[in-house]
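This report refers to the structure that appears directly beneath it.
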Amino acid sequence: MEITNTISALQMLLSPLQKAKSKVALVPTMGALHKGHLSLIKIAQQYADVVVCSIFVNPTQFTDPKDLEKYPRPLEHDIKMLQEAGCNFVFMPTVKEMYPTFPTPEDWHIDLGAAEFLLEGEFRKGHYQGVTQIVKKLFDAVNPDIAFFGQKDFQQVLMIKNMVKHFNMPIEIVSCPIIRENDGLAMSSRNIHLSQNDRENALVLSKALQFVADNFNKLSNDELLGKAKLMINETNGVELDYFTIADGETLLATTNKEVKNTIALVAAKVGETRLIDNMLLN
Ligand code: AMP
């Protein structure tokens, strides 16, 4: 496994492989890797000849400076995990490598469509500009044929697909299933911040989603939302940002059971940690 910190070094390693027509996959991450990330590497290995994993805690997508500061960075552990998973290249750039003018923000903006401002976009202003800015830069650096993202960040995948369409990039975007702990909690790098109590309380999020999924054909969406929100609001230490049943294409709330690709999405603060999760309903 080769580890590089600069775009030019990475491109030097990749270009002979790309000239020889190897299919290159990219798995972008912010590190603090867990089994969810490794599942993306494993799926990428099935699709491509060469897998590049990037580790970069992207400052432009954080809306809360404290969240950025306390984001876990267990680099040695991450490298060991990627080595064991058989990843081929790790790209770990500095902030200056990706944003030469940092901390002065770059003055460009991508039209991501109306869904940019819903859900996470409403609670984390500018978040998806930051996300798509870094993914665009990573795509330009790696020039992958295919890139893998987790359904865990459902809206993120949608925004990246919109970004790829916007720039006509010849890159296939694959959304991969959510990996959960045995008790249902969606794996997340932020789970490390949960106290034992928070960890128990956080379970209500996947339980409420599962309740909605199990009863989707029996109850109206309003009834489902009422019960799910009640479950969450009755749990101590959990502060709900949103729970919605939405059209998976537009992210607009829907009561129409005929909409294909309907999804329940939730975000809540559990203690001091903000978590998101979702479940496809049909
Ligand atoms: P992050 O390091 O949190 O930016 O995540 C990097 C990638 O891993 C993103 O595409 C996430 O959606 C994905 N990911 C994070 N958690 C999970 C999970 N529990 N299951 C599957 N993919 C995940």
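The values are calculated or read from the model by the stated rules, or taken from the named source; none is laboratory data. As the structure is a computational prediction, the values presented were derived from the model and not from experiment. Cβ: placed from backbone, ideal geometry, glycine included. Neighbour counts: every protein chain shown. To get the accessible areas, we keep the full protein, side chains included, count just its heavy atoms, and leave off ligands, DNA and RNA. Shrake-Rupley method; radii C 1.70, N 1.55, O 1.52, S 1.80 Å.
Just a few scattered comments:
- Helices (runs of 4 or more DSSP H) completely within region 150-246 that count 2 or more residues being of a type outside the set (D, E), open to solvent by 80 Å² or more (accessible area, probe 1.4 Å) and closer than 27 Å to L112 by Cα: 154-166
- Leading residue by the ranking (most open to solvent (accessible area, probe 1.4 Å)) among those in region 58-91 that are assigned to a loop (DSSP other than H, G, I, E, B) and more than 21 Å from M159 (Cβ to Cβ): R73
- Residues within region 117-149 that are closer than 13 Å to F56 by Cα and within 13 Å of the ligand (Cβ to nearest atom), tallied: 5
- Only one entry in E172, E181 is free of Cβ contacts under 8 Å to residues at least 12 places away in the same chain and within 20 Å of the chain's Cα centre (by Cα), namely E181.
- Candidate set from region 41-53 (those that are farther than 17 Å from K80 by Cβ and open to solvent by less than 20 Å² (accessible area, probe 1.4 Å)); member that is farthest from the ligand (Cβ to nearest atom): V50
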